[in-house]
Amino acid sequence: MTESYPMTIPGYESLKAELKQLTSKDRPAVINAISTAREHGDLKENAEYHAAKEQQGFIEGRIQELNAKLALANVIDITKLSGEKIVFGASVSFVDVDTDEESNYQLVGVDEADLKINKILFPHLLHVPWSESLSAILSLFLFQKGKLRSKF
């Protein structure tokens, strides 16, 4: 069975934008850098050439990775979520027991997860059984934030 990559619409668009940047700007720039470095002579001791070739390898690898993820994307429209279940794309709230401060987080995919903007990796993507998903979410926060209780 082929693996799919769940992601939100903004996550999908972000990957498409990165792919466009790599293919339309970064790839041509590194090809130009390689060509320029070749003109400097002996390639064995040409640091500019080796750096450009290394950058080219990174860019080509990332392009392949993005193409694969976009081809296998399972785009979830979060506006169609009922709000009654904790599922991929849902937003959840947590209250700090000590301060009663409430924090809201969205459960997203690997490429979208960023704790700084309150987007965390959906536990199912960590290969956690569904029956343990809520426990896994809370464990992530216990590790990051201290004691918390859930509010649903």
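Every number in this text was worked out from the coordinates using simple rules, so none of it is lab data. What you see is a predicted model; the values in this text were computed from it and never measured. Every residue, glycine among them, receives a Cβ derived from its backbone with ideal geometry; neighbour counts consider all protein chains shown.
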Modelled FRET efficiency - R0 30 Å, Leu72 with Glu39, Cβ distances, 0.05 increments: 0.15
³J(HN,Hα) across region 14-22 via Karplus (A = 6.51, B = -1.76, C = 1.60, θ = phi - 60°), whole Hz, x for Gly/Pro? 5, 5, 5, 5, 5, 4, 4, 4, 5
Which whole-number percent gives the relative contact order of region 30-116, counting Cα pairs below 8 Å spaced six or more residues apart? 16 percent
For a label point 7 Å from the Cα of Lys85 along Cα→C-beta, name the residues of region 7-51 whose backbone N is under 18 Å from it. 7-8
Using alpha carbons only, how many angstrom separate the centre of region 101-122 from the centre of region 33-70? 34 Å
Using 7 Å Cα-to-Cβ label points, what is the Asp114/Thr99 separation (nm, one decimal)? 2.2 nm
